[in-house]
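Here's the structure, in structure tokens; my notes come after.
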Amino acid sequence: QVQLVETGGGLVQPGGSLRLSCAASRSIFRIDAMAWYRQAPGKQREWVARITKGGTTAYTDSMKGRFTISRDNAKNTVYLQMTSLKPEDTAVYYCNNSPVVFDYWGQGTQVTVSS
């Protein structure tokens with residue numbers, strides 16, 4: 001069974017913080033790297049941050065210093081701590097393998113940054 005459940009989104013003011021969580025099925029999580037992606041209105045889905053099973057991380061340049069990805073291998077869960085949020089961070093956030101293995105995406109979680 002393949003499943004991804006993203007939670008933690010919401011409405012936040014510019015400069016605020018949010019912590020996203022993604023619970024993945026074992027079939028997805030056991031495949032080394034996990035990543036967060038996002039899709040803003042009218043734009044293509046883009047990669048945000050990546051973490052290997054061993055904890056090596058990588059970020060898109062615009063997220064460096066603001067976002068932190070982490071994972072709990074015992075819980076099959078990956079997290080994204082977002083700080084100093086900007087209006088341009090508004091998007092639906094998704095998690096998945098990196099690179100994507102299964103033709104499947106969860107419902108995502110909406111993050112809206114607005115005053």
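The values are calculated or read from the model by the stated rules, or taken from the named source; none is laboratory data. Predicted, not measured: the structure shown is a model, and the values here were computed from it. No Cβ is skipped: glycine too gets one built from the backbone with ideal geometry, and neighbour counts run over all protein chains shown. Keep in mind that these areas ignore ligands, DNA and RNA; they rest on the heavy atoms of the full protein, side chains included. Shrake-Rupley method; radii C 1.70, N 1.55, O 1.52, S 1.80 Å.
Could you name the lysines whose alpha carbon sits less than 28 Å from that of residue 43, not counting residues in the same chain fewer than 8 places away?
64, 86
What dipole magnitude, in Debye to the nearest 20, does the chain give about its Cα centre under +1 on Lys/Arg Cβ and -1 on Asp/Glu Cβ? Please report the intermediate quantities before stating the final value.
Working: 13 positive and 8 negative charges, 43 e Å.
With Lys and Arg at +1 and Asp and Glu at -1, about 200 debye.
Check the straight Cα-Cα distances from residue 75 and name the aspartates and glutamates below 20 Å, setting aside those fewer than 8 residues away within the same chain.
Those aspartates and glutamates meeting the cut-off are 6, 32.
Once you keep just the Cα pairs under 8 angstrom separated by 6 or more residues, what percentage relative contact order results for the chain? Please list the in-between numbers first.
On the way: 273 pairs, mean separation 42.7, N = 115.
Dividing the mean separation by the residue count of the chain yields 37 percent.
Counting only protein heavy atoms and a 1.4 Å probe, tell me what percentage of the chain's accessible area is made up of carbon and sulfur.
Working: 2830 of 5860 Å².
Result for the chain: 48 percent of the exposed heavy-atom area is carbon or sulfur.
Lys/Arg Cβ at +1, Asp/Glu Cβ at -1, dipole of the chain taken about the Cα centre: which of 22, 96, 76 is farthest positive-ward?
76
PRE reach from residue 102 (point 7 Å along Cα→Cβ): which of the range 24-40 fall under 15 Å by backbone N?
24-35
Could you give me the percent of Cα pairs per 5 Å distance bin for the chain, shortest bin first, beginning at zero and ending with the bin that holds the maximum distance?
Calculated P(r), rounded to whole percents: 2, 13, 25, 26, 19, 10, 4, 1, 0.
Hey, can you rank 108-115, 40-47 by average C-beta count inside 10 Å, highest first?
So the peptides 108-115, 40-47, ranked by packing, come out 108-115, 40-47.
Treat each spin label as a single point 7 Å out from the Cα along the C-beta direction, and report the residue 56 to residue 17 distance in nm.
Distance between the two pseudo-spin positions: 2.8 nm.
Using 0.36 nm per residue, how much length does the chain from residue 45 to residue 64 gain when fully extended, once their Cα-Cα distance is taken away? Before the final figure, lay out the partial values.
Numbers: separation 19, 0.36 × 19 = 6.84 nm, distance 1.84 nm.
Here the answer is 5.0 nm.
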